[in-house]
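Below you'll find the structure, written out as structure tokens, and then a few comments.
The values are calculated or read from the model by the stated rules, or taken from the named source; none is laboratory data. No experiment lies behind these values; they were computed from the predicted model shown. Neighbour counts run over all protein chains shown; Cβ positions are idealised from the backbone, glycine included. Ligands, DNA and RNA are stripped out before the accessible areas are found, and what is left, the full protein with its side chains, is counted by its heavy atoms. Shrake-Rupley method; radii C 1.70, N 1.55, O 1.52, S 1.80 Å.
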Amino acid sequence: MRESELFGPVRNFLLEQGCTVVYGEVMNCDVLGINGDINYIVEMKTSLTFKLIDQALKRVRLGQYVYIAIPKRKQGIPRCVKEILAIYKIGLIQVGKRKTTISIPAQYNSLADKRKAYQRIRNQIREHHETQIGGVKKGEGVTSYSITMDKIKAYMRSRDGEWVTVDEILEHCETHYRNPKASVMATLKEKWNQDWCETKMENRRRYFRMK
């Protein structure tokens, strides 16, 4: 079972808990469920590891209910793991081929309520997160960056090889950057975009076009 295959059963579990919407891959969290002022956060892995537990520990200030999710184990849960999860009120979900089991229920965590810390992750929610599958490998999922670059590529393609300035790009392309002009110029000059984008300086102005 791949990590992304855990997402469906986990999503269904969160909806059963009363979440009205479930997002994937928000602020490096695999799954985020929203129920009023309550955040449910689930970190998923294909096996029970200390890395998974460490990830969950980092989420206790972002969600009132935090879970880890793994494929159903043939062995039991080690006592040391149970004790760590109990101390930090983290729950454990085991996903089988036919049934999803809550081996350890998560307990309400008030750390996320202090100064409305749970809002931090909500401020990072974007439209594409509602259709994003949690647990996908880096580079396989949709991100704010990939959406921005798709818009820029589409615009530059429509110019049919003409040189364009960053100002012209931004007139037609909405981006996720806080400082769009400097950020778009910098990223288009990066090595990873040189396979499709070329640039030049002319009269102290920088231009770009699609190769």
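So which trypsin sites (Lys or Arg not before Pro) in region 1-59 are both in a DSSP loop and have at most 14 other Cβ atoms within 10 Å of their Cβ?
Arg2, Lys58
Which entry is the computed Cα extents along the principal axes in Å for this structure: [x] 46, 39, 32; [y] 67, 57, 30; [z] 69, 38, 28?
Answer label, from the structure shown: [z].
Taking the Cα centre of region 4-148 as origin, sum charge times position over the Cβ atoms of Lys and Arg (+1) and Asp and Glu (-1), and report the length of that vector in debye to the nearest 20. Let's see the in-between values first.
Values: 23 positive and 12 negative charges, 101 e Å.
Roughly 480 debye, rounded to the nearest 20.
Which whole-number percent is the relative contact order of the chain (Cα, under 8 Å, 6+ apart)?
17
For region 58-130, what does the alpha-carbon gyration tensor say about shape, rounded, prolate or oblate, given a ≥ b ≥ c as the root eigenvalues, a/c under 1.5 as rounded, and a/b over b/c as prolate?
Oblate, since a/c reaches 1.5 and b/c is not below a/b.
Specify whether the C-alpha gyration tensor of region 101-211 places it in the rounded, prolate or oblate class, a ≥ b ≥ c being the square roots of the eigenvalues: rounded for a/c under 1.5, otherwise prolate if a/b is larger than b/c and oblate if not.
prolate
Roughly to the nearest percent, how much of the accessible area of the chain is carbon and sulfur, given a 1.4 Å probe?
Answer for the chain is 47 percent, counting heavy atoms of protein chains only.
What does the charge count around His128 come to, taking other residues whose C-beta lies under 13 Å from its C-beta (Lys +1, Arg +1, Asp -1, Glu -1)?
With Lys, Arg at +1 and Asp, Glu at -1, the neighbours total -2.
With respect to the cross-link table entries Lys99/Lys151; Lys58/Lys151; Lys51/Lys74; Lys72/Lys151; Lys114/Lys181, which display a Cα-Cα separation exceeding 30 Å?
Lys99/Lys151; Lys58/Lys151; Lys72/Lys151; Lys114/Lys181
Separation of region 173-197 and region 27-71 by C-alpha centroid, Å?
Result: 32 Å between the Cα centres.
If you filter region 60-163 for chymotrypsin sites (Phe, Trp or Tyr not before Pro), then keep DSSP loop positions with at most 15 other Cβ within 10 Å, what is left?
Passing sites in region 60-163 are Tyr108.
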